[in-house]
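Each remark here refers to the structure printed beneath this line.
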Amino acid sequence: MLTIAIVAHNEEPYVENAIRQAREAADASTRVVVVDSASTDGTAERARSLGCDVLPAPLGKGAAMVTMARATETPWLCFMDADIVENGRNIPLTLRTAIESAPESTAMVVADFDDPPPKPILSATISIYGPLVRALVPEADGRFGDRPLSGFRAVRPALLADDAPADFGIEAYLNLTAALGGRPVVLTHIGPFKQRFRYKADMGAEIGRAILDVAVRHGRLDPALRPEWDAWVGRILKVIRTYDGDLSQGAAYLERLHAAMEEPMPPRFA
C-alpha cells in the first residue's frame, strides 16, 4: 500500500532520525527507501549501514521525487524530508493514519506544522507562492495550511508527471496540479516540528517558475505576457536576497518585502 521515501541531499548527520521514524511507521508490507539526491557526503553509506534501501537519484528535489515515483509500485508514496533534528511526533505515521481514513479518490495528504520559536520568515511562501497562487490558481489558495510547501506529504505516484519541476518548485507544482485537476486533498497537522531551517533565497525563483509554468500550461496566463510575470518575481527576489535569515533584522526586512509586494501584478491576458 505504501512506500516511505526519505529525500536526502547531504544529510548524513540527520538521516538516521528520519529512518527511525519511517521504520516506526512501517508495517511488514511497507518499503522504506532513502532517495539519495546526488549527495557528496556519506548520506547513502550511512543509510545502508542502518540496513535501509538507497535509491540513487539526480540532483534536485523534484528530480529525486520523480525518480522514486517511477521506481515504486505502491498506490501511495509518503515523502519525508531528511533534516529532522529531533524526533517528536511520528510524521510518516501521522500521514499513514490520514491516508487510511481518506476517501479513495484522495490525490494527496499534506502535513501542516508549526515552527517552534524563534519562527523563521517564510519569504517565498509569503511573497511569491501566496500572491501568485491567489492571482493565477485561486482554487489552491488556502487549501494547504500555513506551510503549503511542506515536504512531508503522501502522494499518488501518478501526480508526479513528466512535466514536474526538478527543483524546489515541486511542492508548488503538486499543490496546483491537484487543485486544477479537482482532486481531493487532505490536510493533517503534525504539531510543532523542529527542522534544520536553511535560508535559501533562490528557492523563491524555483517556486515562482513552477507556478508560472503551471499557469501557462493550463491557460491561466498568456505565454506572451510571461516575461512580465518573471520580471515581477524578479523584483521580489531582489528584496529576498537582501536578507540572510538574521531575525534581528526581520522587522525591517518584512517592511521591504511587503512594499515590493504592493507593486501591481501584470495582466494575465493581452
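The values are calculated or read from the model by the stated rules, or taken from the named source; none is laboratory data. What you see is a predicted model, and the numbers here were worked out from it, not measured in a lab. Don't worry about glycine lacking a Cβ; one is built from the backbone with ideal geometry, like all the others, and counts go over all protein chains shown. For accessibility, only protein heavy atoms count, side chains too; no ligands or nucleic acids. Shrake-Rupley method; radii C 1.70, N 1.55, O 1.52, S 1.80 Å.
Couple of notes before you dig in:
- Under a model in which nothing but the beta-carbon of Lys, Arg (+1) and Asp, Glu (-1) is charged, segment 1-124 shows a dipole of about 180 debye around its Cα centre.
- Convex hull volume of segment 75-150 per residue (C-alpha atoms, cubic angstrom): 119 Å³
- By the Cα gyration tensor, segment 172-270 has an equivalent ellipsoid whose semi-axes, rounded to whole angstrom, run 26, 23, 11 from largest to smallest.
- Cα point-scatterer Debye curve for the chain, base-10 log of I(q)/I(0) at q = 0.07, 0.08, 0.12 Å⁻¹: -0.24, -0.32, -0.73
- Computed over protein heavy atoms with a 1.4 Å probe, the carbon and sulfur contribution to the accessible area of the chain reaches 53%.
- A DSSP coil position with no more than 15 other Cβ atoms inside 10 Å describes the following GluC sites (Glu not before Pro) in segment 4-88: Glu73, Glu86.
- Neighbourhood charge, 10 Å Cβ-Cβ cut-off, centred on Pro157 and excluding it, Lys, Arg +1 and Asp, Glu -1: +1
- Charged neighbours of Tyr243, selected by a Cβ distance under 12 Å, balance to +1 (K, R count +1; D, E count -1).
- Range of Cα positions in segment 225-270 per principal axis (Å), largest first: 43, 16, 8
- Between helix 15-25 and the chain: long-axis angle, C-alpha atoms, 0 to 90°, nearest 10: 70 degrees
- Per residue accessible area in Å² of the chain, where ligands, DNA and RNA are left out and the probe is 1.4 Å: 43 Å²
- Selection of chymotrypsin sites (Phe, Trp or Tyr not before Pro), segment 205-270, meeting DSSP coil and at most 12 other Cβ within 10 Å: Phe269
- Quick note on segment 117-253: its Rg to Rh ratio, both from C-alpha atoms and Rh being the Kirkwood radius, is 0.96.
- Over segment 1-131 - Rg/Rh using Cα atoms and the Kirkwood inverse-distance radius: 0.97
- Of the trypsin sites (Lys or Arg not before Pro) in segment 7-109, the ones in a loop by DSSP (not H, G, I, E or B) with at most 14 other beta carbons within 10 Å are Arg89.
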